[in-house]
Amino acid sequence: MSFDKLQDQIRTMKNPTVLGLDPRIEYVPQHIQDECYAEFGHNIQGTVEAIYRFNCGLMDALCDIVPAVKPQAAYYEMLGWRGMEMMERTIRYAKEKGYYVIADIKRGDIGSTAQAYAEGWLGKTKVAGEDVENFGADCVTLNGYMGIDAIQPFLDVAKAEDKSLFILVKTSNPSGGDLQDMVAGDRVVYQVMGDLTERWGAGTEGKYGYQATGAVVGATYPADMKELRQRLPKTFFLVPGYGAQGGTAEDVQYAFDSYGRGAIVNASRSLMCAWKKTDGDGRDFQEASRKAAIAMRDDICKYVTIL
């Protein structure tokens, strides 16, 4: 299954991290903005092209040390159809560079709507009698709180296309516990969702023992993460909350199994905006992001040995 591909890349690079591509124009160095506004106009098209060049520059700088990227759809959607077209280009470029691509879309609808999302993001769409791949991500993030009806269409496509899913289980935001920590019989809600995630993925285990249904588990609750790792031995974890939200390398170690497998840790602003912490003018953004990515990798690998 698709998580085998991700785990293979993590093992090869000895780096269980993912670059979150959550771009805003203010993250883009001024010289890139100036070039694109001069070429395309000081308008939304110029903004889109500047962000795209920035994305590509980051991916060029990190492709030999970071195994995956995670573009967050909201940052592209806010730029309208041009932004979504730019997300498609970003995913295509990421795959050309050899990245595993997680489309962070957090969809959670049902029926034919869920089927359309699944075909668009993971699978193929019938166009003029031919099957056409559009976004072509390797994996998507989903909200499973509408039950299996919201997941099955994606799971069907994932099985057919060798793709995978990350389902929200225990999120990193402070108010997540308002619902996720509520008692539900002999469990709390996030445990219920974790158990469902592993049940839904039954029969899709790959060579590392992980199913096609993974879980989003935030770094900001390490005790819960440790408990979930023991509870869900077949579930791959996507771990947000490292760095800017307060999660540490010591915290995220609990997401991994005894072989240092089964999890990937996200960083977005700390890598994208690393250039803002140097004394340069942004022309060093690739070098700055690379140094930050290596530092993150080395920080995590103090606590996690990848076998």
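Tabulated data
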| item | result |
| --- | --- |
| Of the criteria (1) modelled with pLDDT of 95 or more; (2) farther than 20 Å from ASP195 by Cβ; (3) of a type outside the set (Gly, Ala, Ser); (4) open to solvent by 60 Å² or more (accessible area, probe 1.4 Å), which one ASP149 fails | (2) |
| Helices (runs of 4 or more DSSP H) fully within the stretch 134-206 counting 3 or more residues that are under 25 Å from GLN115 (Cβ atoms) | 148-161, 189-200 |
| Residue selected from the stretch 153-170 under the condition touching a residue at least 40 places away in the same chain (Cβ under 8 Å) and surrounded by fewer than 20 Cβ atoms within 10 Å (Cβ to Cβ), by the criterion nearest to GLY98 (Cα to Cα) | ASP162 |
| Meets criteria (farther than 20 Å from PHE236 by Cα and either out of contact with any Gly (no Cβ under 8 Å at 6 or more places or on another chain) or open to solvent by less than 50 Å² (accessible area, probe 1.4 Å) (or both)) for THR141 | no |
| Extreme residue, farthest from the chain's Cα centre (by Cα), among residues of the stretch 14-58 that are aliphatic (A, V, I, L, M) and open to solvent by 50 Å² or more (accessible area, probe 1.4 Å) | ALA38 |
| In the stretch 196-243, residue nearest to SER268 (Cα to Cα) [restricted to those that are among the acidic types (Asp, Glu) and open to solvent by less than 40 Å² (accessible area, probe 1.4 Å)] | ASP224 |
| Residue check for TYR93: among the aromatic types (Phe, Trp, Tyr) and either open to solvent by 10 Å² or more (accessible area, probe 1.4 Å) or in a strand (DSSP E or B) (or both) | yes |
| Enumerated helices (runs of 4 or more DSSP H) restricted to the stretch 247-307, each holding at least 2 residues that are surrounded by fewer than 17 Cβ atoms within 10 Å (Cβ to Cβ), free of Cβ contacts under 8 Å to residues at least 12 places away in the same chain and of a type in the set (Lys, Arg) | none |
| Residue satisfying condition, being modelled with pLDDT under 95, on the phi < 0 side of the Ramachandran plot, over 21 Å from the mean Cα position of the chain (by Cα) and among the polar types (S, T, N, Q), within set THR125, THR171 | THR125 |
| Restricting the stretch 128-138 to residues that are open to solvent by less than 60 Å² (accessible area, probe 1.4 Å) and of a type in the set (A, V, I, L, M, F, W, C), the residue that is modelled with the lowest pLDDT | VAL132 |
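The values are calculated or read from the model by the stated rules, or taken from the named source; none is laboratory data. Not measured: the values here are computed from a predicted model. Cβ sites come from the backbone with ideal geometry, for glycine too, and all protein chains shown count toward neighbours. Remember, those area values only see protein heavy atoms, side chains included, never the ligands or the DNA or RNA. Shrake-Rupley method; radii C 1.70, N 1.55, O 1.52, S 1.80 Å.
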